[in-house]
Amino acid sequence: MPGGKLIRKSILVIAALGVAAPAVAFDYEELMKLKRQFEVVRDLIRKLRGREPAPPPPSPPTQTPAPGGQPGPSTDGRPVVVPAPATGMNFAGSCVGRDETGYAENAQVRVADGKVSQMNVRIDVPSRGNCRYQLAVFRQTKQTPFVELIANNDATCAVRMWQQGDRITLTASECASQCTGSAFEYAWPVEFNAKGGCG
């Protein structure tokens with residue numbers, strides 16, 4: 001698909017801008033222009049869902065030392081900063097939607113202090129099947145810096161959630177066992193906004 005290369009290049013440019021953005025001062029108009037460009041690329045990517053295999057799931061962020069961390073022991077005489085304790089994610093969201101191709105998401109999630117109390121996710125991929133991630137068939141293995149749940153019947157299947165800025169991402173890794181047909185290869189991460197709706 002010729003548009004796929006353009007979209008992949010656009011994603012790399014947007015990602016590079018996102019990495020460089022903290023070091024560069026933008027005025028409001030420049031930020032709004034970048035936001036509109038990002039939204040165009042995001043909409044193009046959404047149109048590809050279910051048509052092309054999904055990219056590998058994104059990696060959750062790593063824990064970074066927080067300000068106020070305490071000095072710890074060192075082996076070479078230099079102080080080592082131990083990160084301050086991380087707080088768990090707090091989020092309640094519902095994302096229900098279907099695009100013009102028939103790709104559909106129906107996700108309800110509730111997390112309090114990093115503990116998942118509700119996870120009911122269904123992703124329908126037209127002509128390929130569906131994926132279901134339900135809390136009853138997973139066990140939680142991590143609360144911070146991201147939430148991780150492992151399937152009870154498949155130790156390689158992991159669902160992870162994390163927040164970056166005003167976006168919450170829910171992604172599955174190696175979870176074909178939770179899907180029918182070839183849906184897992186075409187299922188994209190579910191994005192929520194901080195208000196609890198679809199991202």
Among (1) open to solvent by 70 Å² or more (accessible area, probe 1.4 Å); (2) of a type outside the set (Asp, Glu); (3) modelled with pLDDT of 95 or more, where does LEU135 come up short? (1)
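When residues of the range 89-126 are filtered for being polar (S, T, N, Q) and within 16 Å of ARG167 (Cα to Cα), how many remain?
Narrowing the range 89-126 to residues polar (S, T, N, Q): 90, 94, 101, 106, 108, 117-118, 120.
With the extra rule that they be within 16 Å of ARG167 (Cα to Cα), the set shrinks to 90, 94, 108.
Within the range 89-126, residues that are polar (S, T, N, Q) and within 16 Å of ARG167 (Cα to Cα) number 3.
Scan the strands (runs of 3 or more DSSP E) fully inside the range 147-199 and keep the ones with 1 or more residues being acidic (Asp, Glu) and more than 15 Å from the chain's Cα centre (by Cα).
Working: elements: 147-151, 154-164, 167-173, 190-193.
Strands (runs of 3 or more DSSP E) meeting the threshold: 154-164.
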Selected residue (only one of GLY68, GLY129 is open to solvent by less than 80 Å² (accessible area, probe 1.4 Å), modelled with pLDDT under 90 and farther than 17 Å from GLN163 by Cβ): GLY68
Given the condition free of Cβ contacts under 8 Å to residues at least 60 places away in the same chain, farther than 14 Å from GLU105 by Cβ, exposed (fewer than 14 other Cβ atoms within 10 Å of the Cβ) and of a type in the set (S, T, N, Q), answer yes or no: does some residue in the range 158-177 qualify? yes
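The values are calculated or read from the model by the stated rules, or taken from the named source; none is laboratory data. Keep in mind that what you see is a predicted model, and the values were worked out from it rather than measured. Note: ideal-geometry Cβ built from the backbone for every residue, glycine included; neighbour counts use all protein chains shown. In case anyone asks, the SASA skips ligands and DNA or RNA and just uses the protein heavy atoms, side chains included. Shrake-Rupley method; radii C 1.70, N 1.55, O 1.52, S 1.80 Å.
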